[in-house]
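The values are calculated or read from the model by the stated rules, or taken from the named source; none is laboratory data. Keep in mind it's a predicted model, so treat the numbers as computed, not measured. All Cβ positions, even for glycine, are placed from backbone atoms using ideal geometry, and neighbour counts span all protein chains on display.
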Amino acid sequence: MANVLVVAEHLDGKLRKVTLPTITFAQQTAALTGGEVHVLVLGNGTDAVAAEVAKYGVSKVHFANSPVFENYLAETYAPAIVKAAQAIGATVVAAPSSTTGKDVLPRVAAKLDAGMVSDAIAVFDDGGIKFRRPLWAGNVLTTVEVVTPVKVITVRTTDFEAPAEGDAAAVEAFDAGLAAPDNAEFVSFDQVKSERPELTDAAVVVAGGRGLKSGENFQMIMNLADTLGGAVGASRAAVDSGYAPNDWQIGQTGKVVAPDLYFAVAISGAIQHLAGMKGSKTIVAINKDADAPIFQVADFGLVGDAFEIVPALTEKLKGI
Ligand code: FAD
């Protein structure tokens, strides 16, 4: 059967939201291939994640609990994904286009002798199954056909909605039969712990640019984000200037976000920045230059000094 296998992502015992749009992509693909959507959860203590993901209109969830999968290593995850794909007869293997997905799926593709599409934003049948993906910071949309029997796809999760919840699917233990690799060893995982939501999962993102002029001035961005329960982002110029940490970067070479509400504060709106946020549902731009390109994509624009507007807006919102 031409099934679709989704590799689930989870952190601290919780399903990561990026898995859900990947399931929607898989459902759309399975509707074209006539197959089922299966989900693979690798880890150690994944029962709760498996039960959660089973609610999202999939046919079956396969979960592996093993010390070998306690911490992510491409050397263990790739062979396990390959084994699961072969066991369920998957002709499409999909994962979010995240750091993990981009790391592990090329290995999976090589092992399965499969063609790969990165950053798929659509799947459709046009005399054969085809995928659409952006190039050149989203300026070009290409249509890609993969001619190998198995296709491996990373999914740009901002382009798919989360699926509706439904009846829980069957959840089954999966034994990858793998021992710890002798050529790679997990050393440590430095996780940035924050009270704020994860940038790619947040409903509200407040991002600051080089116009803020210093790292200290990012405090007003954080205050606005915290007032709205949002995440904080930054342009590459702000990151390169040392005003914001690297993991806040949004854009072509940073994270891709599509929150309900995106604030671009003192960000000019370069094409490389837009590539990471123009899918946001509502965009608010605050910039002192009325001709800044960010206003071309903004739903609401405030022309003025961010140092006056942002604190005033934060105070007003606190009063609501
Ligand atoms: P600037 O372009 O310097 O804009 C600052 C803005 O702040 C201006 O519009 C100014 O009017 C405004 N401003 C100044 N003072 C105030 C004030 N007091 N109140 C209000 N507004 C004010 N960029 C990214 O963001 N993400 C990426 O992933 C990325 N990847 C890249 C990849 C490549 C290969 C290349 C070549 C570039 C990439 N860039 C990326 C860089 C991009 O081209 C821009 O240089 C960058 O986005 C500019 O950041 P900025 O808007 O913060 O700074």
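In segment 249-261, how many are in a strand (DSSP E or B), closer than 20 Å to Asn139 by Cβ and of a type outside the set (D, E, K, R)? Steps first, please.
Of all residues in segment 249-261, those in a strand (DSSP E or B) come to 249-250, 255, 261.
Now narrow it down to the ones that are closer than 20 Å to Asn139 by Cβ: 249-250, 255.
Filter once more, so that each one left must be of a type outside the set (D, E, K, R): 249-250.
Within segment 249-261, residues that are in a strand (DSSP E or B), closer than 20 Å to Asn139 by Cβ and of a type outside the set (D, E, K, R) number 2.
Condition check: on the phi > 0 side of the Ramachandran plot, in the same structural domain as Lys281 (by the TED database), more than 9 Å from the ligand (Cβ to nearest atom) and in a loop (DSSP other than H, G, I, E, B). Does Gly229 satisfy that? Full working, then the answer.
Values: on the phi > 0 side of the Ramachandran plot: yes; in the same structural domain as Lys281 (by the TED database): yes; more than 9 Å from the ligand (Cβ to nearest atom): yes; in a loop (DSSP other than H, G, I, E, B): yes.
Yes: the conditions hold for Gly229.
Read through the list (1) near the ligand (Cβ under 9 Å from one of its atoms); (2) at negative phi, then give the number of the only condition that Ala266 fails.
The one condition Ala266 does not meet is (2).
Could you look through segment 87-139, keep only residues that are of a type in the set (Val, Ile, Thr) and more than 21 Å from Pro149 (Cβ to Cβ), and pick out the one that is farthest from the ligand (Cβ to nearest atom)?
So the residue we want is Thr100.
Going through segment 203-222 one residue at a time, which ones are aliphatic (A, V, I, L, M) and within 14 Å of the ligand (Cβ to nearest atom)?
Val205, Val206, Ala207, Leu212, Met220, Ile221
Kindly indicate whether any position in segment 295-302 is more than 20 Å from Ala202 (Cβ to Cβ) and either touching an Asp or Glu at 6+ places or on another chain (Cβ under 7 Å) or away from the ligand (no atom under 12 Å from the Cβ) (or both). Spell out the reasoning first.
Step one: of segment 295-302, the residues more than 20 Å from Ala202 (Cβ to Cβ) are 295-296, 301-302.
Now restrict to residues that are either touching an Asp or Glu at 6+ places or on another chain (Cβ under 7 Å) or away from the ligand (no atom under 12 Å from the Cβ) (or both): 296.
For segment 295-302, residues more than 20 Å from Ala202 (Cβ to Cβ) and either touching an Asp or Glu at 6+ places or on another chain (Cβ under 7 Å) or away from the ligand (no atom under 12 Å from the Cβ) (or both): present.
State whether one or more residues within segment 240-255 are at pLDDT 95 or above, within 18 Å of Ile271 (Cα to Cα) and either among the aromatic types (Phe, Trp, Tyr) or not assigned by the TED database to the domain that holds Ile286 (or both).
Looking for residues that are at pLDDT 95 or above, within 18 Å of Ile271 (Cα to Cα) and either among the aromatic types (Phe, Trp, Tyr) or not assigned by the TED database to the domain that holds Ile286 (or both), one finds at least one in segment 240-255, hence yes.
Filtering segment 249-274 down to residues that are of a type in the set (A, V, I, L, M, F, W, C), more than 14 Å from the chain's Cα centre (by Cα) and buried (at least 17 other Cβ atoms within 10 Å of the Cβ), which residue is nearest to Met220 (Cα to Cα)? Please lay out each step first, then the result.
Within segment 249-274, the subset of a type in the set (A, V, I, L, M, F, W, C) is 250, 256-258, 261, 263-267, 270-271, 274.
From the residues that got through so far, the ones that are more than 14 Å from the chain's Cα centre (by Cα) too are 261, 263-267, 270-271, 274.
Okay, now just the ones that are also buried (at least 17 other Cβ atoms within 10 Å of the Cβ), so 261, 263-267, 270, 274.
Working: Leu261: 17, Phe263: 12, Ala264: 13, Val265: 10, Ala266: 12, Ile267: 15, Ala270: 22, Leu274: 22 Å.
Checked segment 249-274; the qualifying residue nearest to Met220 (Cα to Cα) is Val265.
Do the conditions hold for Ala164, that is, is it in contact with a strand residue (DSSP E or B) (Cβ under 9 Å, 6 or more places away or on another chain), away from the ligand (no atom under 16 Å from the Cβ) and more than 28 Å from Asp305 (Cβ to Cβ)?
No: the conditions fail for Ala164.
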